[in-house]
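First comes the structure, then the notes that go with it.
The values are calculated or read from the model by the stated rules, or taken from the named source; none is laboratory data. The structure presented is a predicted model; accordingly, all values stated were derived computationally and were not measured. Neighbour counts are summed over all protein chains in view; Cβ atoms, including those assigned to glycine, are modelled from backbone coordinates with ideal geometry.
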Amino acid sequence: MIQYALTFAFACFGIGLLFNLYRIFRAPGVVDRVLALDTMVINIIALLILYGITSHSGVYFEAALLFAMTGFVSTVAYCKFILRGDIIE
């Protein structure tokens, strides 16, 4: 039963990832693209967690944590660049 749930979750997050890719390329503004990138990071983290559950390995959970930290810092840096035009003060 858990295998069916994992397969369904993989499909849902995969479709969400495809929608994010579409929004990155066809967004009307820069802010929409930043939000799509941030949501894409969240979907990739979910896929890593699901793959870690499927493979019974703890390495993917650590990779998801590292990806979450990197995604957060990159989103903040990109937003700061949009607002000020400079990242380092």
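S55 meets the conditions (1) within 19 Å of A9 (Cα to Cα); (2) surrounded by fewer than 17 Cβ atoms within 10 Å (Cβ to Cβ); (3) small (G, A, S); (4) touching a helix residue (DSSP H, G or I) at 6+ places or on another chain (Cβ under 9 Å) in every case but one. The failed one is (4). Taking the stretch 1-20 as the range and being out of contact with any helix residue (DSSP H, G or I) (no Cβ under 7 Å at 6 or more places or on another chain), part of a helix (DSSP H, G or I) and of a type in the set (A, V, I, L, M) as the test, the residues that pass are I2, A5, A11, I15, L18. Summed over the stretch 21-31, the residues that are touching a helix residue (DSSP H, G or I) at 6+ places or on another chain (Cβ under 7 Å) and either of a type in the set (G, A, S) or closer than 11 Å to L47 by Cβ (or both) give a count of 1. For the stretch 23-32, residues that are surrounded by fewer than 11 Cβ atoms within 10 Å (Cβ to Cβ) and within 14 Å of the chain's Cα centre (by Cα) total 0. A single entry from A46, A36 fulfils the requirement of being surrounded by 16 or more Cβ atoms within 10 Å (Cβ to Cβ), at pLDDT 95 or above, part of a helix (DSSP H, G or I) and out of contact with any His (no Cβ under 8 Å at 6 or more places or on another chain): A46. Residues that are of a type in the set (F, W, Y) and surrounded by fewer than 13 Cβ atoms within 10 Å (Cβ to Cβ) were ranked within the stretch 1-18; the one that is farthest from A46 (Cα to Cα) is Y4.
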